[in-house]
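Each remark here refers to the structure printed beneath this line.
The values are calculated or read from the model by the stated rules, or taken from the named source; none is laboratory data. This is a predicted model, so every value here is computed, not measured. In this analysis, Cβ positions are derived from the backbone assuming ideal geometry, glycine residues included, and neighbour counts consider all displayed protein chains. Heavy atoms of the whole protein, side chains included, go into the accessibility calculation; ligands, DNA and RNA do not. Shrake-Rupley method; radii C 1.70, N 1.55, O 1.52, S 1.80 Å.
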Amino acid sequence: MTEHEDRQDISDVLIRYATGIDGRDWALFRTVFTDDCDVDYGEIGKWHSVDEITEFMDQVHAMAGHTMHRITNIAVTLNGDRATARAYIDGLIMALDKASGVQAIGFYDDELVRTAAGWRIARRRFTPVRVVTVGAP
């Protein structure tokens, strides 16, 4: 693979994360992480496997209405079969009432590895910059 192809594939992994959540496609979501991933979202929670984070996301988003996770400003550094990436996240999670919700803005710092199935996130840390309630109280 070329460096350009690796960068595109890593960007696709990050977008697949957002697409999996927003579409409630948990099979797709699972393709983002390694089986033994280590994910730290600070006060929101910490998970140590793809099973744990998928179960959490499924439960939390089952109680949500529409969601929009936008991933931008993806910066990738390659090192053979390993890579790091920083990406901005602007996540809007609406309640079932479609009138209230929360907006979380921050960034992800990811460590990725190349696997037989393609690039996967092995470690992720979310840093919140702004988290606000939106809509009706």
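Here Ala116, Ala75 are screened, and the one residue that is of a type in the set (A, V, I, L, M, F, W, C), open to solvent by 90 Å² or more (accessible area, probe 1.4 Å) and free of Cβ contacts under 8 Å to residues at least 24 places away in the same chain is Ala116. Filtered by the rule that a residue be part of a strand (DSSP E or B) and open to solvent by 20 Å² or more (accessible area, probe 1.4 Å), the stretch 61-70 gives His66, Met68, His69, Arg70. Of the listed requirements (1) open to solvent by less than 40 Å² (accessible area, probe 1.4 Å); (2) part of a strand (DSSP E or B), Thr84 misses just one: (1).
Okay, residues lined up against (1) closer than 25 Å to Arg130 by Cα; (2) among the β-branched types (Val, Ile, Thr); (3) in contact with a helix residue (DSSP H, G or I) (Cβ under 9 Å, 6 or more places away or on another chain):
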residue	(1), (2), (3)
His4	no, no, no
Gln8	no, no, no
Asp38	yes, no, no
Gly45	yes, no, yes
Gly106	yes, no, no
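Would you check if Gly101 is under 12 Å from the mean Cα position of the chain (by Cα), farther than 20 Å from Glu5 by Cβ and in a strand (DSSP E or B)? No; evaluated as a whole, the condition is false for this residue.
Here Asp51, Asp40, Asp25 are screened, and the one residue that is open to solvent by 20 Å² or more (accessible area, probe 1.4 Å), within 18 Å of Ile89 (Cα to Cα) and among the acidic types (Asp, Glu) is Asp40. Cβ-Cβ distances below 8 Å connect the following pairs, each with a first residue in the stretch 1-25 that is farther than 15 Å from Leu78 by Cβ and at pLDDT 95 or above, a second residue that is of a type in the set (Val, Ile, Thr) and open to solvent by 70 Å² or more (accessible area, probe 1.4 Å), and a separation of six or more residues or different chains: Asp25/Thr19.
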